[in-house]
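Everything below concerns the one structure shown next.
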Amino acid sequence: MITELGHFALILALGVAVVQMIVPLVGAHKGWRGWMDLAVPAATIQFLLVLASFLALTYAFVTSDFSVQLVTLNSHSAKPMLYKVSGVWGNHEGSMLLWVLIVSLFGAMAAWFGGNLPQRLKARVLAVQSSIAVAFLGFVLFTSNPFIRIAQPPFDGRDLNPLLQDPGLAFHPPFLYLGYVGLSMAFSFAVAALIEGRIDAAWGRWVRPWTLAAWIFLTIGIALGSWWAYYELGWGGFWFWDPVENASFMPWLFAAALLHSAIVVEKRESLKSWTILLAILAFGFSLIGTFIVRSGVITSVHAFATDPERGVFILMILAVFTGGALTLFAARASSMEARGVFGFISRESALVANNILLAVSSFVVFVGTIWPLIGEIFGRKISVGAPFFEAAFTPFMVVLALILPVGAMLPWKRAKLGRVIKQLVPAFALAVAVGALVWAMQTGKTALGPIGMFLGTWLVAGAVVDVASRTGRGSLSNRVSRLTRLPRSDWGKLAAHAGFGITVMGISGLMAWSIEDIRVAEVGQPFTVANYEVTLMDVTQEQGPNYMSTMAEIRVVSDGGATTTLYPEKRVYPVQAMPTTEAAIANGFWRDIYVVIGDPQQGGAWAVRTFIKPFANWIWAGTIIMSLGGLLSLTDRRFRVAAGAGKSRMQGVPAE
């Protein structure tokens with residue numbers, strides 16, 4: 001009964017979404033206040049109906065209702081409760097329902113917290129957002145219904161993919177979807193502004209919080225996926241340049257560019273057309289990611305579905321929304337004339353360079369991702385792997401890292417470059433010193449480590465100098481007092497830029513100095529890896545809640561005498577007859593010791609892989625700091641205060 005109610009609620013939500021898509025839009029065009037006001041209750045009702053549907057599906061998973069086909073295919077009665085719940089979105093149908101839930105949630109939040117928006121703009125934003133919900137509700141109901149019943153339910157289910165039965169993967173998809181769908185709000189604001197025919201500083205202020213929230217969620221989601229790949233898959237890496245990984249990375253890059261571009265619109269009323277275009281492309285690439293994951297056109301270990309029918313439906317959604325928005329963008333080009341004029345050396349110019357580097361690097365990733373598909377169309381098998389992406393993508397990030405501290409300190413409109421460079425001399429000297437020290441200490445001749453450490457130090461030190469420069473001159477106590485009064489967005493920028501620098505150091509250190517040892521190890525016979533003595537002490541068989549485990553006990557002794565005991569596992573999930581690798585990691589500030597137990601060998605020996613991973617945790621520490629920086633900026637009072645003048649101006653703009 002609850003399953004049927006969930007299905008019925010989803011059908012009702014589609015009806016409400018259609019009303020919300022049409023009525024407020026007509027009301028905004030005609031100037032009918034009552035029709036525009038309908039958008040707010042409709043958005044709330046739509047969200048509550050989709051939430052009821054999602055809770056009904058969750059109830060079916062939690063109670064192991066195997067009369068529901070989706071539960072049978074993706075759950076098991078012996079599965080831990082966390083993975084019963086995460087099983088709701090650990091499949092195509094359930095994940096699309098989560099997608100729709102988040103679309104309706106963002107629409108409802110815009111209705112609840114958009115009291116400072118001009119009425120016509122608000123009505124149009126909610127109508128455009130509801131049109132996205134209509135498309136995906138139709139997709140779920142007509143091609144991916146999660147509530148299909150089985151006439152003769154089985155005794156038990158087929159279990160969730162064992163690789164997804166992990167805390168990192170339990171929370172990775174929701175955060176990614178919050179990021180993907182969060183960009184739909186920036187898209188809705190962009191299209192609404194194009195319909196209205198007006199983009200000004202107030203619009204830039206309104207769109208930035210939604211973009212910032214989406215960027216934060218995407219950052220957390222990507223970091224969780226990277227962390228999971230590092231400790232769960234047993235290969236010792238954190239990024240594989242897989243098509244699905246790229247699918248989340250591309251909109252993240254566009255969202256970062258959009259954030260910086262919206263600042264220029266808000267502060268200087270420049271880059272209007274570029275900002276609108278970035279908002280369209282950011283959400284467009286989110287839809288491209290959805291298409292890649294669910295169409296089967298590109299092979300990936302992360303793919304949810306390989307049904308061409310579903311792929312065509314998503315491609316149609318992509319064509320309608322992105323193509324329609326770009327057409328409207330072309331038609332409204334004359335209304336996006338920039339007001340602010342700026343010199344070649346200015347913060348505006350630095351942000352333009354920032355945007356170009358981020359956008360072009362995203363297109364580089366896109367080309368590398370789809371190139372195998374293009375080759376296949378023309379009858380050629382082409383493989384594009386990490387070497388291509390690292391060679392083509394890295395130069396853009398190096399240039400971005402070099403200009404970021406300088407650009408962040410340049411004044412608006414016109415600037416004297418020499419004055420800013422003079423302030424950054426200590427930061428540059430420190431970065432050079434760190435790079436030189438690393439070069440002198442490393443045993444190999446690779447330049448990756450020293451260059452990465454130089455760039456990371458330059459970013460962190462530059463961010464600190466930027467904040468310190470805002471305190472002006474005077475006594476230490478006065479400067480500290482001014483620091484405490486700085487806006488939260490300034491502190492958020494410091495954290496985000498410094499977090500980026502820390503991540504750069506972590507990636508370069510891990511890639512430059514990682515040590516890997518693969519061998520057949522005898523029980524009780526020590527062997528040496530770098531400065532560590534490693535001994536396979538024992539291997540035992542253990543029984544988990546829904547798996548069987550081969551667990552090794554491995555002792556690691558450092559040259560200083562410190563002893564660490566690690567317990568790597570190989571698990572087998574009987575229901576799906578699928579093995580997984582559970583690496584054991586001794587985390588440290590400077591390095592990780594990472595061990596994996598392999599298959600048994602002749603004579604009672606075992607295959608053992610040992611990695612020494614320098615600076616590994618700096619990667620995720622940096623992403624956490626970046627996310628906290630975004631969150632700190634999001635709490636800035638200026639994001640919560642309406643642009644009163646802009647509101648009054650836009651309120652009186654006639655519909656066109």
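The values are calculated or read from the model by the stated rules, or taken from the named source; none is laboratory data. Given the structure is predicted, the values throughout are model-derived calculations rather than measurements. Note that each Cβ is placed from the backbone with ideal geometry, even for glycine, and that neighbours are counted across all protein chains shown.
Annotations for the structure displayed:
- When the residues of region 593-634 are filtered to those that are under 26 Å from PRO209 (Cα atoms) and polar (S, T, N, Q), the one that is modelled with the lowest pLDDT is SER633.
- Selection of region 231-273 for residues being under 27 Å from ALA512 (Cβ atoms) and assigned to a helix (DSSP H, G or I) yields TYR231, GLU232, PRO243, VAL244, GLU245, ASN246, SER248, PHE249, MET250, TRP252, LEU253, ALA256.
- Taken over region 107-122, the criterion of being in a helix (DSSP H, G or I) and over 20 Å from HIS29 (Cβ atoms) is satisfied by ALA108, MET109, TRP112, PHE113.
- All positions within region 171-228 that are of a type in the set (Phe, Trp, Tyr) and surrounded by fewer than 22 Cβ atoms within 10 Å (Cβ to Cβ): PHE171, PHE175, TRP227, TRP228
- Contact map, region 122-145: first residue within 16 Å of SER53 (Cα to Cα), second residue part of a helix (DSSP H, G or I) and of a type in the set (Lys, Arg), Cβ cut-off under 8 Å, separation 6 or more or different chains; pairs are PHE139/ARG310; SER144/ARG310.
- With a requirement of 1 or more residues that are in contact (Cβ under 8 Å) with a residue 40 or more places away in the chain and surrounded by 14 or more Cβ atoms within 10 Å (Cβ to Cβ), the helices (runs of 4 or more DSSP H) lying completely within region 436-530 that satisfy it span 448-469, 488-513.
- Under the condition of being among the aliphatic types (A, V, I, L, M), farther than 17 Å from SER261 by Cα and in a helix (DSSP H, G or I), the residues counted in region 407-420 number 2.
- Residue check for LYS79: under 21 Å from LEU48 (Cβ atoms) and of a type in the set (Lys, Arg): no
- Extreme residue, modelled with the lowest pLDDT, among residues of region 131-147 that are more than 16 Å from LEU287 (Cα to Cα) and in a helix (DSSP H, G or I): THR143
- Of all the residues in region 139-158, those that are touching a Pro at 6+ places or on another chain (Cβ under 9 Å) and of a type in the set (Asp, Glu) number 0.
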